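The structure appears right after this line, and notes come after that.
Every read-out reported here was derived from the displayed coordinates using simple, explicitly stated rules and does not represent laboratory data. Quick caveat: nothing in here was measured; it's all calculated off a predicted structure. Quick reminder, even Gly has a Cβ in these numbers, built from the backbone with ideal geometry, and neighbours come from all protein chains shown.
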Amino acid sequence: MERDKTHNWTFFSNYGHILLALAQDPEARLRDLAERVGITERAVHRLLSEMEAAGVISRHREGRRNSYSINRAVRLRHPIEDHRTVGDLIDLIDLASSTRRRGAKPRESTSATPST
């Protein structure tokens, strides 16, 4: 996937990108995750270890490969969104993706205008 070089920031951190990638493919290899997110395998390993220590994911060995499960009940960490869970985030992104796959147009943004 070629990225637009004029935009060098995203709304989600690499933690979020890895989490969403694992939600789509729980058996993804470090190499696959690194390529998808655009970071090194070493960085993916570190972030997965941190998410595992925080209880967000669990790693399960299946033969020579790992499989991951996500604890959807874990609350998001920042005070702005700590009223929501990891599962809420995954569902939100999945809803947007499934709407796009069905060909529905995204909702127009609305701006708040002062009432007179």
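Brief remarks on what is shown
- Region 52-86 versus region 7-38: alpha-carbon centroid distance in Å: 13 Å
- Whole-Hz couplings from phi, Karplus 6.51/-1.76/1.60, listed for region 35-40; x for Gly and Pro: 5, 5, 7, x, 10, 6
- Here each label is just a point 7 Å from Cα along the line to Cβ, and for Ser13 and His83 those points are 2.2 nm apart.
- Semi-axes of the equivalent ellipsoid for region 14-99, computed as √(5λ) from the eigenvalues of its C-alpha gyration tensor and ordered from largest down, come to 21, 15, 13 Å.
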